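Trainee: I'd like to ask you about the structure that follows.
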Amino acid sequence: MRNKVQFFKTRFLAAAACFMIATTAMAQPTDRVDAKQLWQLIDYVAVDYRGAVADGTIVSTSEYAEMLDFTENAQKQVAQLPAHPARNDVAQAINTLHASVVRKANAKEVARLAHRANTLLIAAYPIPVAPKSIPDLNRGYSLYIAQCATCHGANGAGDGALAASLEPKPIAFTDAERASSRSVMALYQVVSQGVAGTSMPSFASLSEEDRWSLAFYVGTLAHDPAMRKHGEQLWNSKDSSIKDRFPDLSAITTTTEMAAAETLPKDVARDVTAYLRTNPAVIDVGRQSGLMLARLRLQESLAALRAGDKANATRLGLSAYLDGFEPIEPIVGARDKTLLIAIEGAMLHYRSAVATGTTEQAEQAANNLIVLFARVEALLSDAKADPTTTFVGALTILLREGVEALLIVIGMIAILKKAERKDALRHVHIGWTSAMVAGMLTWAFATYFIEVSGASREVTEGVGSVLAGIVLLSVGLWMHQKSSAGRWQDYLNNKLSAAMTRRSAWALFALSFVAVYREVFETVLFYSALAADGNGSALAAGFITAVVLLAIIAWALLRTSARLPIGKFFSYTSIFVATLAVVLIGKGISALQEAGWIGATPLDFPRVELLGIYPTTQTLTAQALVALILVVGFGLNWFRARTTI
């Protein structure tokens with residue numbers, strides 16, 4: 001009777017698999033879906049082949065027929081995938097797998113070949129292979145008891161209350177041999193889609209997070225506490241080969257015990273797998289999950305592009321940067337600024353290739369990003385920064401971000417002092433102090449209460465920079481006009497008082513607030529990254545040194561401005577303000593490009609962050625336009641001044 005059931009199960013599963021793949025291809029022609037179905041077929045062979053053949057002898061005719069059928073279908077399906085340079089490698093791996101089934105190879109060899117084929121498949125046709133965040137195993141346990149225990153048993157031994165009435169019998173998750181060839185990702189796929197021809201339903205109604213939590217919990221049932229304890233000791237040992245084997249969450253979800261045992265001793269592979277599946281949070285979330293998400297979104301973007309969905313490819317490519325890489329950007333920037341700049345440039349090249357280039361160009365850009373991500377991974381896995389590095393980082397970051405805001409605020413203070421309007425200074429001081437408080441509160445809320453997306457951060461910086469640049473552009477032209485005409489003192493005496501009555505004092509507040517706020521949040525993010533390395537004294541020393549230097553710069557600027565004749569002061573200040581407007585426009589446009597608000601066309605041109613120069617057509621065009629307006633405006637001011645003499 002069981003053989004008959006197995007025979008019909010074989011026919012039904014094979015037909016269902018073919019039907020699912022064929023109909024999916026017609027209704028939704030994306031390589032992501034096709035690759036996922038193909039991945040499931042191959043994984044099914046990896047796990048269930050041992051029930052078909054033992055020691056070169058067929059032990060179940062129906063199971064063996066199923067293995068042949070599935071590998072033959074896999075051979076057909078790989079040929080229908082979209083063209084890709086690695087498709088032939090995937091096809092060859094599947095052919096080798098099918099040949100091993102035909103010659104009745106041992107189960108370990110078949111599982112190894114199947115996992116190799118799936119590894120090549122995912123590399124060529126990326127599909128999501130890991131959760132977006134660390135799964136909750138307590139939630140997984142609750143779901144298992146509520147949804148699975150009646151069939152699979154409370155402990156996963158396949159002895160639940162309904163097990164006796166089911167055919168085929170529920171899987172025993174405690175079966176160590178079977179579990180050794182089963183990845184968490186495979187469990188997730190089964191939870192998500194069920195198994196046709198059996199009593200295993202789909203749990204697609206559960207959220208993605210719940211399905212991953214359930215899959216992780218099920219993946220722990222073949223292990224005991226002793227294995228997990230030994231695995232913890234191994235993980236915390238000085239053996240770097242273990243952490244190299246499991247660099248991120250995707251490695252935990254896709255690696256089976258059997259695959260891990262190819263590079264690690266068998267008991268080490270088993271026990272480390274047991275520990276990591278129970279404690280996936282030991283992967284450094286702050287440093288690795290961002291990189292993992294960046295890789296995942298990049299893979300999904302490529303898959304969408306190959307399927308002809310440029311809009312989704314663009315969205316996912318943007319998410320790779322904003323939601324994946326940007327959260328760890330401060331850490332990377334604090335340790336290797338050159339690498340950070342390279343990644344930002346590569347991201348722009350990839351998005352440009354998606355928008356206006358070919359699939360091949362996008363793939364080349366993506367491959368470059370993958371190489372750079374590997375460098376980031378190596379950078380973050382190194383020992384924490386030494387105190388000297390932390391000190392220098394804290395010093396330079398605060399100076400870099402602080403000087404720009406300081407110049408604007410000091411310029412406003414100097415102008416008001418020259419105009420003898422010290423009563424208006426309070427608006428400037430309230431503006432920059434409020435910005436300091438608001439920046440700290442924004443960081444606190446973003447860290448502890450709400451999620452501020454990468455796009456929101458870039459938009460805030462971009463809009464703030466552009467607005468400040470526009471204001472400074474108008475101020476620079478206005479100041480130059482008055483200095484060229486030589487009528488500053490009359491203007492100050494007759495107009496500034498009236499201007500204050502028209503609430504322009506609030507304009508002083510707004511400009512000082514925007515100038516400082518846009519820098520505070522980014523500075524705090526970088527300091528948070530440096531603080532993670534634990535060199536608190538060096539961090540504090542760098543901060544104090546930078547504050548002292550900024551105070552000296554402020555004192556020197558105020559003292560110099562006080563000694564300058566009023567005409568020269570406003571003439572020099574107008575040129576400085578105009579230059580700063582060009583810088584801020586460049587920085588603002590660049591930030592809006594990173595947020596996806598403005599397109600980016602990369603150019604072979606130097607990048608000079610200090611001057612707001614970024615090698616894209618859009619940023620350079622915007623700066624050139626502002627510079628042209630300033631040149632024309634200054635020229636007209638000079639001409640009018642000459643003609644009125």
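The values are calculated or read from the model by the stated rules, or taken from the named source; none is laboratory data. These figures come from a predicted structure and were not determined experimentally. Please note: Cβ atoms are built from the backbone with ideal geometry, for glycine as well, and neighbour counts cover all protein chains shown.
Trainee: What are the residue pairs meeting all of these: first residue in the stretch 169-183, first residue within 16 Å of C151 (Cβ to Cβ), second residue charged (D, E, K, R) and assigned to a loop (DSSP other than H, G, I, E, B), Cβ atoms under 9 Å, and 6 or more apart or on different chains?
Mentor: Qualifying pairs under 9 Å: P170/D159; A172/D159; F173/R182.
Trainee: Output the number of residues of the stretch 365-382 satisfying the condition of being polar (S, T, N, Q) and either at pLDDT below 80 or buried (at least 19 other Cβ atoms within 10 Å of the Cβ) (or both). Quick ask: steps written out before the conclusion?
Mentor: Initially, the stretch 365-382 is screened for residues polar (S, T, N, Q), giving 367-368, 381.
Right, trim to either at pLDDT below 80 or buried (at least 19 other Cβ atoms within 10 Å of the Cβ) (or both) and you get 381.
The qualifying residues number 1.
Trainee: Tell me, which residue of the stretch 233-250 that is over 28 Å from the mean Cα position of the chain (by Cα) and assigned to a helix (DSSP H, G or I) is surrounded by the most Cβ atoms within 10 Å (Cβ to Cβ)? Let's see the steps before the verdict.
Mentor: Start the filter on the stretch 233-250 by keeping residues that are over 28 Å from the mean Cα position of the chain (by Cα), which leaves 233-234, 237-239.
If we keep only those that are assigned to a helix (DSSP H, G or I) as well, we get 233-234.
Values: Q233: 11, L234: 19.
Only one residue tops the list, namely L234.
Every residue, every condition in (1) surrounded by 17 or more Cβ atoms within 10 Å (Cβ to Cβ); (2) over 18 Å from G219 (Cα atoms); (3) within 39 Å of the chain's Cα centre (by Cα); (4) not assigned by TED's automatic domain parsing to the domain that holds Y49, yes or no:
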position: A154; (1), (2), (3), (4): no, no, yes, yes
position: A164; (1), (2), (3), (4): no, yes, no, yes
position: E167; (1), (2), (3), (4): no, yes, no, yes
position: I171; (1), (2), (3), (4): yes, no, yes, yes
position: D175; (1), (2), (3), (4): no, no, yes, yes
position: A179; (1), (2), (3), (4): yes, no, yes, yes
position: G194; (1), (2), (3), (4): no, no, yes, yes
position: S199; (1), (2), (3), (4): no, yes, yes, yes
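Trainee: Give me the residue from the stretch 596-628 that is assigned to a loop (DSSP other than H, G, I, E, B) and of a type in the set (V, I, T) and, out of that set, nearest to S319 (Cα to Cα).
Mentor: Applying the filter and picking the extreme gives I598.
Trainee: Taking the options A355, A455, A385, A405, name whichever one is surrounded by 15 or more Cβ atoms within 10 Å (Cβ to Cβ) and at pLDDT 80 or above. Before the answer, list the steps.
Mentor: Numbers: A455 fails: at pLDDT 80 or above; A385 fails: at pLDDT 80 or above; A405 fails: at pLDDT 80 or above.
Only one candidate qualifies: A355.
Trainee: Would you call A362 crowded, with 19+ Cβ neighbours inside 10 Å, modelled with pLDDT under 80 and more than 27 Å from M436 (Cα to Cα)? So that I can check it myself, show each step before the final result.
Mentor: On the way: crowded, with 19+ Cβ neighbours inside 10 Å: yes; modelled with pLDDT under 80: no; more than 27 Å from M436 (Cα to Cα): yes.
Taking the combined requirement at face value, the residue does not satisfy it.
Trainee: Kindly provide the set of residues from the stretch 609-638 that are exposed (fewer than 15 other Cβ atoms within 10 Å of the Cβ), touching a helix residue (DSSP H, G or I) at 6+ places or on another chain (Cβ under 9 Å) and over 30 Å from L348 (Cβ atoms), ordered by number.
Mentor: L636, W638
Trainee: Turning to a different aspect of this structure: Quick one: would you say V190 is modelled with pLDDT under 90, crowded, with 16+ Cβ neighbours inside 10 Å and either in the same structural domain as N118 (by TED's automatic domain parsing) or assigned to a helix (DSSP H, G or I) (or both)?
Mentor: Working: modelled with pLDDT under 90: yes; crowded, with 16+ Cβ neighbours inside 10 Å: yes; either in the same structural domain as N118 (by TED's automatic domain parsing) or assigned to a helix (DSSP H, G or I) (or both): yes.
In short, yes.
Trainee: Does the stretch 85-104 contain any residue that is more than 36 Å from the chain's Cα centre (by Cα) and not in a helix (DSSP H, G or I)?
Mentor: Scanning the stretch 85-104 turns up at least one residue that is more than 36 Å from the chain's Cα centre (by Cα) and not in a helix (DSSP H, G or I).
Trainee: Limited to the stretch 116-133, what total is found for residues that are surrounded by fewer than 23 Cβ atoms within 10 Å (Cβ to Cβ), in a helix (DSSP H, G or I) and not hydrophobic (A, V, I, L, M, F, W, C)?
Mentor: Qualifying residue count, the stretch 116-133: 2.
Trainee: Among helices (runs of 4 or more DSSP H) lying entirely in the stretch 483-595, which contain 2 or more residues that are modelled with pLDDT of 80 or more and touching a helix residue (DSSP H, G or I) at 6+ places or on another chain (Cβ under 9 Å)?
Mentor: On the way: elements: 488-494, 496-501, 504-531, 536-563, 566-594.
By residue number, 504-531, 536-563, 566-594.
Residues are listed down the side, and each one gets a yes or a no for (1) over 20 Å from R116 (Cβ atoms); (2) modelled with pLDDT of 80 or more:
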{"position": "S250", "(1), (2)": "no, yes"}
{"position": "A260", "(1), (2)": "no, yes"}
{"position": "L264", "(1), (2)": "no, yes"}
{"position": "T273", "(1), (2)": "no, yes"}
{"position": "A281", "(1), (2)": "yes, yes"}
{"position": "V285", "(1), (2)": "yes, no"}
{"position": "G290", "(1), (2)": "yes, no"}
{"position": "A311", "(1), (2)": "yes, yes"}
{"position": "L318", "(1), (2)": "yes, yes"}
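Trainee: Mind telling me which of the residues D309, D336 ends up being farther than 25 Å from P85 by Cβ, surrounded by fewer than 23 Cβ atoms within 10 Å (Cβ to Cβ), out of contact with any His (no Cβ under 9 Å at 6 or more places or on another chain) and not hydrophobic (A, V, I, L, M, F, W, C)?
Mentor: Details: D309 fails: farther than 25 Å from P85 by Cβ.
Residue meeting the stated conditions: D336.
Trainee: In the stretch 101-115, how many residues are surrounded by fewer than 22 Cβ atoms within 10 Å (Cβ to Cβ) and among the small types (G, A, S)?
Mentor: 2
Trainee: Among the residues of the stretch 425-452, write down those that are aliphatic (A, V, I, L, M) and either within 12 Å of R518 (Cβ to Cβ) or at pLDDT 75 or above (or both).
Mentor: L425, V428, I430, A435, M436, V437, A438, M440, L441
Trainee: Which numbered condition trips up A281, out of (1) more than 27 Å from V371 (Cβ to Cβ); (2) crowded, with 17+ Cβ neighbours inside 10 Å?
Mentor: Just one mismatch for A281, condition (2).
Trainee: Any residue that is in contact (Cβ under 8 Å) with a residue 24 or more places away in the chain, part of a loop (DSSP other than H, G, I, E, B) and within 21 Å of T254 (Cα to Cα) - is there at least one of those in the stretch 142-154?
Mentor: Looking for residues that are in contact (Cβ under 8 Å) with a residue 24 or more places away in the chain, part of a loop (DSSP other than H, G, I, E, B) and within 21 Å of T254 (Cα to Cα), one finds none in the stretch 142-154, hence no.
Trainee: Additional query: Quick test of your reading of the structure: Q80 fulfils all but one of (1) under 32 Å from the mean Cα position of the chain (by Cα); (2) surrounded by 20 or more Cβ atoms within 10 Å (Cβ to Cβ). Name the failing condition by number.
Mentor: Single failed check for Q80: (2).
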